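Below is one structure, written out as structure tokens; the observations come after it.
The values are calculated or read from the model by the stated rules, or taken from the named source; none is laboratory data. The structure presented is a predicted model; accordingly, all values stated were derived computationally and were not measured. Counting neighbours? That spans all protein chains shown, and the Cβs are built from the backbone with ideal geometry, glycine included. With ligands, DNA and RNA removed, areas are computed over all heavy atoms of the protein, side chains included. Shrake-Rupley method; radii C 1.70, N 1.55, O 1.52, S 1.80 Å.
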Amino acid sequence: MEKIIIIRYCEIHLKGKNRSFFEGLLDRNVQKALEDINCKVERTQSRYLVKHFSDEDEGVILDRLKKVSGIHSMSAGYEIKTSFVEMVECGNILLRDKTGTFKVETNRADKNYPKKSTEVSRDLGGALLAKNPGLKVNVVSPQYTCNVDIRENGTTYMFLDFVKGMGGMPVGSSGRGTIMISGGIDSPVAGWMMAKRGMLIEAVHFHSFPYTSERAREKVYDLAEILAGYCGRIKVHSVNILSIQQAIGENCPENEMTIMTRRYMMKIA
């Protein structure tokens, strides 16, 4: 029995002959997100598994994976051999000291396993009920669901919870994009949405130093650092447009200054 974190992806399933390309990108992005944590990432049967990590790092790993686009959901649980005896043992560990209601939910990808999904759920639920007096069965709205995922390689994954991921496509699968970042909320949200669709992001920040403060520019870098947690490394281009604004002020009607400035920002970006 080994503690693992199971990673599932979503839209990559639809990619047909190009699927391996997207899987490779997601693998790379997961590895990069966890590069400073002592753990191992494996790819197997439409899943990624994080293994060999300490209990202290489990929460950190889950928090970082929530920011990796392309991941549909994650679960912290155990990998065991496909054996009913080990299922009972693992289920008792997952439900240890729990009180309330529970049920067992089984996915049987390995059709050679002799018991059907409903039979596994029924028999395992009965065995766990006998060993955990603080629990009662409720198959409609249980407080805990013991999930059993019987895979085709002779292993089974067991876990309680699904942690929602960012969804979308892996960063790097949809070309490059540029955001104009000013310090407000709109541009970081736009960058996050672009990254979720697989785009690599660069940022352009326009300022009018010394008429705008250094603190305003630092705020932009702080925002870019937060955004980089979701988008990967972001290059920020800082552009002083004071001379352009002065030329526009000298040569354009006052009511057109804002739109003219924005046109030049777009051209520079």
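Within region 26-50, the residues that satisfy the criterion of being more than 14 Å from Arg64 (Cα to Cα), of a type in the set (S, T, N, Q) and open to solvent by less than 40 Å² (accessible area, probe 1.4 Å) are Thr44, Ser46.
Within region 67-103, being open to solvent by 20 Å² or more (accessible area, probe 1.4 Å), under 19 Å from Arg47 (Cβ atoms) and either of a type in the set (Phe, Trp, Tyr) or part of a strand (DSSP E or B) (or both) holds for His72, Ala76, Tyr78, Glu79, Lys81. Annotation for region 184-197: no member residue is open to solvent by less than 60 Å² (accessible area, probe 1.4 Å), closer than 30 Å to Arg108 by Cβ and either assigned to a loop (DSSP other than H, G, I, E, B) or without any contact (Cβ under 8 Å) to a residue 60 or more places away in the chain (or both).
Selection within region 247-269: residues that are in contact with a strand residue (DSSP E or B) (Cβ under 7 Å, 6 or more places away or on another chain) and either assigned to a helix (DSSP H, G or I) or on the phi > 0 side of the Ramachandran plot (or both). The member of this set that is surrounded by the fewest Cβ atoms within 10 Å (Cβ to Cβ) is Ile268. Within region 152-165, the set of residues being at pLDDT 90 or above and either out of contact with any helix residue (DSSP H, G or I) (no Cβ under 6 Å at 6 or more places or on another chain) or part of a strand (DSSP E or B) (or both) comprises Thr155, Thr156, Tyr157, Met158, Phe159, Asp161, Phe162, Val163, Lys164, Gly165. Number of residues in region 168-202 that are small (Gly, Ala, Ser), closer than 22 Å to Phe22 by Cα and in contact with a helix residue (DSSP H, G or I) (Cβ under 7 Å, 6 or more places away or on another chain): the value is 6.
Taking every residue in region 110-136 that is modelled with pLDDT under 95 and pairing it with any residue that is open to solvent by 100 Å² or more (accessible area, probe 1.4 Å), at least 6 positions away or on another chain, the pairs with Cβ-Cβ distances below 7 Å are Asp110/Glu152.
Table: residues versus (1) under 21 Å from Lys164 (Cα atoms); (2) more than 28 Å from the chain's Cα centre (by Cα).
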| site | (1), (2) |
| --- | --- |
| Arg64 | yes, no |
| Gly77 | yes, no |
| Phe84 | no, yes |
| Glu89 | no, yes |
| Leu95 | no, no |
| Gly100 | no, yes |
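Could you please let me know if Leu227 is under 30 Å from Arg19 (Cβ atoms), in contact (Cβ under 8 Å) with a residue 12 or more places away in the chain, part of a helix (DSSP H, G or I) and in contact with a Gly (Cβ under 7 Å, 6 or more places away or on another chain)?
Working: under 30 Å from Arg19 (Cβ atoms): yes; in contact (Cβ under 8 Å) with a residue 12 or more places away in the chain: yes; part of a helix (DSSP H, G or I): yes; in contact with a Gly (Cβ under 7 Å, 6 or more places away or on another chain): yes.
It is true that Leu227 is under 30 Å from Arg19 (Cβ atoms), in contact (Cβ under 8 Å) with a residue 12 or more places away in the chain, part of a helix (DSSP H, G or I) and in contact with a Gly (Cβ under 7 Å, 6 or more places away or on another chain).
Could you check how many residues of region 55-66 are free of Cβ contacts under 8 Å to residues at least 24 places away in the same chain and surrounded by 19 or more Cβ atoms within 10 Å (Cβ to Cβ)? Counting residues in region 55-66 that are free of Cβ contacts under 8 Å to residues at least 24 places away in the same chain and surrounded by 19 or more Cβ atoms within 10 Å (Cβ to Cβ) gives 0.
Out of Ser117, Ser141, one residue alone is surrounded by 13 or more Cβ atoms within 10 Å (Cβ to Cβ) and of a type in the set (S, T, N, Q). It is Ser117. Please determine, by comparing only the residues of region 227-246 that are loosely packed, with under 13 Cβ neighbours inside 10 Å and not hydroxyl-bearing (Ser, Thr, Tyr), which one is nearest to Trp192 (Cα to Cα). Checking each candidate, the answer is Arg233.
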